[in-house]
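Notes to accompany the following structure.
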Amino acid sequence: MTAPGRRWFGRRGRAAPSGVDPRHDLGKQGEDLAASYLRKLGYRIIARRERVLRGDLDIIALDDRTVVFVEVRTRSDTLHGHPAETIDRRKQQRIATLANAYIRRHRLEDCRVRIDVVTVTLEGADGKPEVEHFQDAFESP
């Protein structure tokens, strides 16, 4: 049972004051940087944090005539590894399942589709945020 004004995060049972979740802020900051980066490349952002099947697709965009599902991974630094290392096989399958559900819901079966990964390291080598884009990062739906 949690104390009033507190809620649980993750499986480790760590609690944080209500309304305060540093991981949410970190993720939101990374998604903002990723969306800005993709727009500069000419992508059209269709949706962000799209709720599908009890999960979220971080960014859905159009790259010319291709629907792109973008998984964004953000870390404050690389002391504990590169952000892309956090996408294991299980996470890849989950993203593909969510993308397939989105495709069915919006009747996009005839569209070209791919899954990209954008990683954001907030304190890159030069002290500035570093954004990396991996197109067609793993098997598309």
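Counting only strands (runs of 3 or more DSSP E) that fall entirely inside segment 1-57 and contain at least 2 residues that are at pLDDT below 55 and touching a strand residue (DSSP E or B) at 6+ places or on another chain (Cβ under 7 Å), the qualifying elements are 6-9, 14-17. Looking only at residues in segment 58-87 that are assigned to a strand (DSSP E or B) and over 11 Å from the mean Cα position of the chain (by Cα), the one that is modelled with the lowest pLDDT is Arg75.
The single condition among (1) surrounded by 17 or more Cβ atoms within 10 Å (Cβ to Cβ); (2) closer than 17 Å to Glu139 by Cβ that Thr97 does not meet is (1).
Report, ordered by the first and then the second residue, all pairs with beta carbons closer than 8 Å, sequence separation of six or more or different chains, a first member in segment 107-120 that is without any contact (Cβ under 8 Å) to a residue 24 or more places away in the chain, and a second member that is among the β-branched types (Val, Ile, Thr). Cβ pairs passing all conditions: Glu109/Ile103.
You will find that of Arg49, Arg73, Arg114, the residue that is closer than 20 Å to Gly27 by Cα, surrounded by 15 or more Cβ atoms within 10 Å (Cβ to Cβ) and charged (D, E, K, R) is Arg73 and no other. Residues that are among the charged types (D, E, K, R) and not in a loop (DSSP other than H, G, I, E, B) within segment 88-122 comprise Arg89, Arg90, Lys91, Arg94, Arg104, Arg105, Arg112, Arg114, Asp116, listed in sequence order.
Contact map, segment 33-62: first residue more than 19 Å from Thr74 (Cβ to Cβ), second residue of a type in the set (Phe, Trp, Tyr) and in a loop (DSSP other than H, G, I, E, B), Cβ cut-off under 7 Å, separation 6 or more or different chains; pairs are Leu62/Tyr43. Of everything in segment 123-141 that is acidic (Asp, Glu) and part of a loop (DSSP other than H, G, I, E, B), the residue that is surrounded by the most Cβ atoms within 10 Å (Cβ to Cβ) is Glu123.
The values are calculated or read from the model by the stated rules, or taken from the named source; none is laboratory data. The structure displayed is predicted, hence computed values, not measured ones. Counting neighbours? That spans all protein chains shown, and the Cβs are built from the backbone with ideal geometry, glycine included.
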